[in-house]
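Here the structure is laid out as structure tokens; the discussion comes afterwards.
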């Protein structure tokens with residue numbers, strides 16, 4: 001496109017109260033994937049892609065269009081409100097681009113200038129700050145329990161006192177995440193909702 005790119009087109013189409021069409025980005029560059037999903041693209045096809053992959057992306061778009069046709073008011077409300085929290089995180093890992101649904105994240109830990117995202121079966125290291133990642137996550141699901149830890153409440157089994165007045169957050173998979181005293185009130189506030 002000579003004067004605009006796909007993001008410029010989306011920007012021109014984005015007006016308050018107007019619903020965007022279902023967008024599938026196709027490009028030869030993987031560096032735009034994260035930005036594409038931040039504007040809620042249905043899919044991202046990296047060239048060259050297979051016919052099967054193309055069909056999968058268009059089927060996903062058709063499913064979204066069908067949902068909009070069934071309840072257009074819900075779609076307009078969602079468009080007007082905007083989804084302030086991300087539903088998946090897109091990043092490079094071991095030469096591939098991963099589209100990780102946030103619902104699969106058990107907990108997140110800080111490691112110097114990185115964060116380690118832990119799922120049931122694997123971990124991923126991203127160059128990201130805890131604060132920036134915390135802002136992207138829904139606080140009704142993700143809770144910061146330590147300066148260096150965020151847990152997905154769906155995977156929390158229990159919070160129990162341990163040595164020296166400290167508490168530990170125990171996950172369903174048996175992992176333990178430290179909870180600092182300063183963040184303990186967050187659990188109490190969440191329980192009182």
Roughly what % antiparallel, to the nearest 5, for the DSSP beta bridges in the chain?
-> 90
How do 99, 91 line up, fewest other C-beta atoms within 10 Å first?
-> 99, 91
Expected max-MSF residue from 108, 68, 150 in the GNM of the chain (alpha carbon, under 10 Å) is 68
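In what sequence do 149, 121, 56 fall when counting other Cβ within 10 Å, fewest first?
Listed from fewest to most nearby Cβ atoms, that is 121, 56, 149.
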In a GNM of the chain with a 10 Å cut-off on Cα contacts, which of 13, 153, 143 has the highest mean-square fluctuation?
-> 13
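Go ahead and estimate [θ] at 222 nm for the chain from helices alone: -39,500 (n - 2.57) per DSSP H run with n ≥ 4, summed, over the residue count, rounded to 500.
My calculation for the chain gives -9500 deg cm²/dmol from helical runs alone.
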So, how do all the Cα-to-Cα distances of region 88-191 break down into 5 Å bins, in percent, from 0 on up?
-> 2, 12, 24, 26, 19, 10, 4, 2, 0
Build a GNM of the chain with springs between Cα atoms under 10 Å: which of 96, 144, 35 gets the top mean-square fluctuation?
-> 96
Neighbour-count ranking for 137, 45 (other C-beta within 10 angstrom, fewest to most) reads 45, 137
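State the dimensionless ratio Rg/Rh of the chain (Rg: radius of gyration of Cα atoms; Rh: Kirkwood radius).
We get a ratio of 1.03 for the chain.
Since every read-out is calculated from the coordinates, none of them should be taken as a lab result. Owing to the predicted nature of the structure, the values given are computational and were not obtained by experimental measurement. Using ideal geometry, Cβ is built from the backbone for each residue, glycine included, and neighbour counts are taken over all protein chains shown.
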